[in-house]
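Read through the structure below, which is laid out as structure tokens, and then see the notes.
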Amino acid sequence: MRKNAGFSLLELMITVVVIGILVTLAIPNYVRTTERSKIALALSNLRELRKAELDWFVENESFTDTIANLEGQVGANFNSGADWTYTIASDDATMTFTVTGTRNGGPESTDTVTINQNEAWGGTYPLANYGMD
């Protein structure tokens, strides 16, 4: 008598179910981890843009609303990635400015993070969801 050397249908079904459970657990963690790395980069860029705006003011005695001016000053291209878009709004009369990062795509699409001249954070992005509060 010849013995079959394959897997039974039950064994294959159990394997598929186990793999399905592992994937169900892994994908949300992956999404959360990648989003966390993207927000960390955005926060770093916002801090850098804030610092560059303050440096711009010292050198030019006025603020700038142009990100390209600040990119040239720090030697970076902040809007090169598709994950975040950065803008700046300033008012020389009140000596204030706000740098805004807007999320493009992802689970928090169109949410914003802001930082002002006093390093006060704001915006609609749920930083606490990603352990960044």
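Details
- Restricting attention to the stretch 114-133, the residues that are farther than 16 Å from Lys51 by Cα and surrounded by 12 or more Cβ atoms within 10 Å (Cβ to Cβ) total 9.
- Count of the stretch 79-113 residues which are closer than 19 Å to Leu54 by Cα and assigned to a strand (DSSP E or B): 13
- Phe97 being modelled with pLDDT of 85 or more and aromatic (Phe, Trp, Tyr): yes
- Selected residue (criterion: nearest to Thr94 (Cα to Cα)) from residues of the stretch 24-60 that are touching a Phe, Trp or Tyr at 6+ places or on another chain (Cβ under 9 Å) and of a type in the set (D, E, K, R): Glu53
- Flag for Asn60 being free of Cβ contacts under 8 Å to residues at least 24 places away in the same chain, closer than 19 Å to Gly122 by Cα and out of contact with any helix residue (DSSP H, G or I) (no Cβ under 8 Å at 6 or more places or on another chain): no
- Residues of the stretch 25-39 include none that is farther than 19 Å from Ser109 by Cα and polar (S, T, N, Q).
- Checked against the criteria, Glu11 counts as farther than 25 Å from Asn104 by Cα and of a type in the set (Asp, Glu).
- The one condition in (1) part of a helix (DSSP H, G or I); (2) at pLDDT 90 or above; (3) under 22 Å from Trp84 (Cβ atoms) that Thr64 fails to fulfil: (1)
- Among residues of the stretch 1-55, those that are assigned to a loop (DSSP other than H, G, I, E, B), surrounded by 10 or more Cβ atoms within 10 Å (Cβ to Cβ) and among the charged types (D, E, K, R), counted: 0
The values are calculated or read from the model by the stated rules, or taken from the named source; none is laboratory data. Being a predicted model, the structure only gives us computed values, none of them experimental. Please note: Cβ atoms are built from the backbone with ideal geometry, for glycine as well, and neighbour counts cover all protein chains shown.
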